[in-house]
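So the structure is just underneath, and the comments pick up after that.
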Amino acid sequence: GTSGLSFDVDELLRIPLEIRKTDGRQVLIVHTQGSEAYTSDENYRYVSEEAYRSTDPRFNVVCVGDRRTEVLEANGIQTIHCRTMFDSPAYNGSYGRSLAEIEKQLDAHPSIQVVIDLHRDDISLENGGKMSLDWALDGQEYARMMFVIGSGASGLKHDNWEQNLNWAVNLQAKLDAAYPGLMRAVNLRKQRFNQHLRPGSMIIECDESGNTLTQALRSIELFGGFLAAELNG
């Protein structure tokens, strides 16, 4: 990560933070930068409003959140999916706007244990193109995913970042065992990313602008089933 912080993976794995389903709503999905979109393919063709972005929820990460919500709900995990795009029309201040929504939802539904901010990453190639990070299963291509965990290193109060990290590292270990290569390494960052409100908070990058929405939907469906099984214990 880029936080300058160190942690002991073996220690985190030895004493795992486990989150199990209780009564009521369990998961909140938001999109701080909801206009993040993908490379067009034969299934999803769209006109980019600017570089790999679209405010049409049929083509951006909001669509990925829709699929994830469907899978969680189908597996008995009550989920709230906030489809607001906090980066449109203005990119600046998007984390402040999503924080207000997260706080509102947690006040209304204190049973929520897991808060996921679903994003799409963006890595440019030297030739000006966009990287895609692919993973294959049974002859189908998936987008790789990454957990991004914030900390208090930026100076914003965040007392439970080590709990966030513990949960992510233990989830990652199980995912790596089940689907080797699907996940990129956990990324620990200086920024808080609104993750101070629940121990089960994280950003998920469902992968690059060079990937297709088709690949991203396959990945989030796989992950949604995995997370549901984890919460169902």
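Residues are listed down the side, and each one gets a yes or a no for (1) closer than 18 Å to Phe193 by Cβ; (2) touching a residue at least 40 places away in the same chain (Cβ under 8 Å):
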site	(1), (2)
Glu49	no, no
Tyr52	no, yes
Arg58	no, no
Arg67	no, yes
Asn75	no, yes
Cys82	yes, yes
Met85	yes, yes
Tyr95	yes, yes
key: Residues of segment 170-181 satisfying the condition of being under 20 Å from Ala228 (Cβ atoms) and either small (Gly, Ala, Ser) or touching a residue at least 40 places away in the same chain (Cβ under 8 Å) (or both)   = Asn170, Leu171, Ala173, Lys174, Leu175, Ala177, Ala178, Tyr179
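Here is a yes/no grid of residues against (1) open to solvent by 20 Å² or more (accessible area, probe 1.4 Å); (2) at pLDDT 95 or above; (3) hydroxyl-bearing (Ser, Thr, Tyr); (4) within 23 Å of Ala168 (Cα to Cα):
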| position | (1), (2), (3), (4) |
| --- | --- |
| Leu5 | yes, no, no, yes |
| Asp8 | yes, no, no, yes |
| Pro57 | yes, yes, no, no |
| Glu73 | yes, yes, no, yes |
ask   = Residues of segment 121-152 being in contact (Cβ under 8 Å) with a residue 40 or more places away in the chain, among the hydrophobic types (A, V, I, L, M, F, W, C) and not in a loop (DSSP other than H, G, I, E, B), which ones?
value = Trp135, Leu137, Ala143, Met145, Met146, Phe147, Val148, Ile149
key: Condition check for Leu118: hydrophobic (A, V, I, L, M, F, W, C), assigned to a helix (DSSP H, G or I) and either open to solvent by less than 30 Å² (accessible area, probe 1.4 Å) or modelled with pLDDT of 95 or more (or both)   = no
key: Pick from segment 190-209, criterion touching a strand residue (DSSP E or B) at 6+ places or on another chain (Cβ under 8 Å) and open to solvent by 20 Å² or more (accessible area, probe 1.4 Å), ranking: nearest to Glu36 (Cα to Cα)   = Glu205
In segment 144-172, the residues that are open to solvent by 10 Å² or more (accessible area, probe 1.4 Å) and either under 20 Å from Arg218 (Cα atoms) or basic (Lys, Arg) (or both) = Arg144, Met146, Lys157, Gln172
message = Looking only at segment 100-115, count every residue that is part of a helix (DSSP H, G or I) and under 15 Å from His196 (Cα atoms) and tell me the total.
response = 8
query = If we keep just the residues of segment 31-55 that are of a type in the set (S, T, N, Q) and open to solvent by 40 Å² or more (accessible area, probe 1.4 Å), which is nearest to Ala100 (Cα to Cα)?
reply = Thr55
remark   = Counting only residues that are part of a loop (DSSP other than H, G, I, E, B), at pLDDT 95 or above and surrounded by 15 or more Cβ atoms within 10 Å (Cβ to Cβ), segment 86-99 contains a total of 2
query = Got a sec? Which of Asp23, Asp107 is surrounded by fewer than 18 Cβ atoms within 10 Å (Cβ to Cβ), in contact (Cβ under 8 Å) with a residue 12 or more places away in the chain, among the acidic types (Asp, Glu) and more than 24 Å from Tyr142 (Cα to Cα)?
reply = Asp23
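The values are calculated or read from the model by the stated rules, or taken from the named source; none is laboratory data. Keep in mind that what you see is a predicted model, and the values were worked out from it rather than measured. With ideal geometry, Cβ positions are generated from the backbone for all residues, glycine too; neighbour counts draw on all protein chains shown. In case anyone asks, the SASA skips ligands and DNA or RNA and just uses the protein heavy atoms, side chains included. Shrake-Rupley method; radii C 1.70, N 1.55, O 1.52, S 1.80 Å.
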